[in-house]
Amino acid sequence: MSQPSYTLHYAPGAASLVVHWVLLELELPHALALVDIKGGAQKQAAYLALNPNGVVPTLLVDGKPHCEAAALIVHLAESHPAHGLAPLPGDPSRMDFLQWMFNLANMVQPLFRQWWYPHEPAGEALAETVLAHVRPRIEAQWDRIDAHLAANGPYLLGDRPSVADFHLVMLMRWSRNMPRPATEWPNLAALAAKLKARPSFARLYEREGLTEWA
Ligand SMILES: N[C@@H](CCC(=O)N[C@@H](CS)C(=O)NCC(=O)O)C(=O)O
């Protein structure tokens with residue numbers, strides 16, 4: 001079977017980052033399409049036709065648009081099983097893997113949505129209040145995940161990395177300018193250091209033009 005064609009609609013450092021990173025890690029040829037999210041291109045009709053949520057990422061697979069970063073990285077990892085970045089059905093780690101993927105996508109990532117877009121839950125006037133409330137909730141997530149890693153690490157699934165760890169490192173990166181960035185938790189810092197040492201991370205930074213948190 002021939003390799004699918006991939007085009008990633010992305011914005012540097014955004015939720016598309018983990019999809020881009022996994023494409024590079026899996027050495028999958030792909031095209032990039034920059035979305036000017038500061039200029040609002042994600043809310044224009046042309047982009048909404050690809051992704052009705054008006055957010056990045058969108059991944060075109062053989063021309064067909066797909067969204068949700070977590071779903072995309074699971075799909076990519078499962079479609080290229082030789083890299084071992086997702087336990088497949090039947091693997092004893094499968095349930096833990098799915099649990100982490102959904103947990104990061106459903107519980108941790110939405111808190112960052114509130115951190116970056118604090119006007120969304122209750123309007124501009126309450127943005128500071130939202131920030132004050134969301135900060136300890138993000139820190140509580142780091143407490144919980146760090147404790148898991150201390151007992152079961154160095155990766156979320158133990159001694160082998162999976163795309164859940166890539167997702168986690170993207171979320172950690174988003175905390176870099178918070179009063180207590182995720183790297184203040186030792187087991188999280190160790191996990192991030194391992195993943196950032198992979199050649200795909202340097203390539204990702206180069207291609208997205210990123211410098212912070214290198
Ligand atoms: N659940 C979505 C969330 C994506 C998301 O919130 N993307 C942000 C960037 S990190 C975005 O596109 N923001 C622009 C906007 O909301 O207008 C996913 O994981 O793919």
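Which loop GluC sites (Glu not before Pro) in the range 1-104, with loop taken from DSSP, have no more than 11 other Cβ atoms within 10 angstrom of their Cβ? Numbers along the way, then the final one.
Working: sites: Glu25, Glu27, Glu68, Glu78; in loops: Glu27, Glu68.
In loop regions of the range 1-104 (DSSP not H, G, I, E or B), the sparsely surrounded GluC sites (Glu not before Pro) are Glu27.
For the chain, what is the mean residue ellipticity at 222 nm derived from helices alone (per DSSP H run of n ≥ 4: -39500 (n - 2.57); sum divided by total residues; nearest 500 deg cm²/dmol)?
Values: 10 runs with 106 residues, N = 214.
Dividing the helical sum by the residues of the chain leaves -15000 deg cm²/dmol.
In percent, how large is the relative contact order of the chain, given Cα pairs closer than 8 Å and 6 or more residues apart? Please list the in-between numbers first.
Numbers: 272 pairs, mean separation 41.7, N = 214.
Relative contact order of the chain: 19 percent.
Ranking Leu85, Leu32 by Cβ neighbours within 10 Å, fewest first, what do you get? Before the final figure, lay out the partial values.
On the way: Leu85 23, Leu32 14.
Ascending Cβ contact count within 10 Å gives the list Leu32, Leu85.
Which three lengths, in whole Å and largest first, does the range 1-109 cover when its Cα atoms are put on their principal axes?
In descending order, the Cα extents are 45, 36, 21 Å.
Percent relative contact order of the range 1-108, based on C-alpha pairs within less than 8 angstrom and at least six residues apart? All intermediate terms of the calculation are to be shown ahead of the outcome.
Working: 138 pairs, mean separation 27.4, N = 108.
Averaging sequence separation for qualifying contacts and normalising by length gives 25 percent for the range 1-108.
Excluding residues fewer than 8 places away in the same chain, name every one of the lysines whose C-alpha is closer than 27 Å to that of Lys64.
Lys38, Lys43
How big is the range 94-198 by the Kirkwood estimate over distinct Cα pairs, in Å? Don't jump to the answer; show the numbers that get you there.
Working: mean 1/r = 0.0707 Å⁻¹.
After inverting the pairwise mean of 1/r, the radius is 14.2 Å.
R0 = 41 Å: FRET efficiency of Asp36 with Ala151, Cβ-based, nearest 0.05?
Values: r = 43 Å, r/R0 = 1.06.
FRET efficiency, Asp36 to Ala151: 0.40.
Which ordering of Val19, Val61, Val163, Val74 is given by a fewest-first count of other beta-carbon atoms within 10 Å?
Least crowded to most crowded, the residues run Val61, Val74, Val163, Val19.
So, R0 is 22 Å and r is the distance between the beta-carbons of Phe102 and Ala140; what FRET efficiency does that work out to, to 0.05? Mind dumping the intermediate values first?
Values: r = 18 Å, r/R0 = 0.82.
According to the calculation, E is roughly 0.75.
Using a Debye calculation, one point per C-alpha and no hydration shell, please list log10 I(q)/I(0) for the chain at q = 0.07, 0.15, 0.17 Å⁻¹ in order.
-0.21, -1.02, -1.30
Whole-Hz Karplus ³J(HN,Hα) for the range 69-75, in order, using 6.51 cos²θ - 1.76 cosθ + 1.60 and θ = phi - 60°, x for Gly and Pro?
Karplus-based 3J(HN,Hα) across the range 69-75 equals 3, 5, 5, 5, 6, 5, 4 Hz.
Return the FRET efficiency for the residue pair Leu126, Ala190: r is the Cβ-Cβ distance, R0 is 45 Å, and the value is rounded to the nearest 0.05. Mind dumping the intermediate values first?
Values: r = 37 Å, r/R0 = 0.82.
The computed FRET efficiency comes out at 0.75.
FYI, it's all coordinate maths here, none of it is from the lab. Computed from a predicted model, the values in this text were never measured in an experiment. Methodologically, a virtual Cβ is constructed for each residue, glycine included, from the backbone with ideal geometry; neighbour enumeration extends over all protein chains shown.
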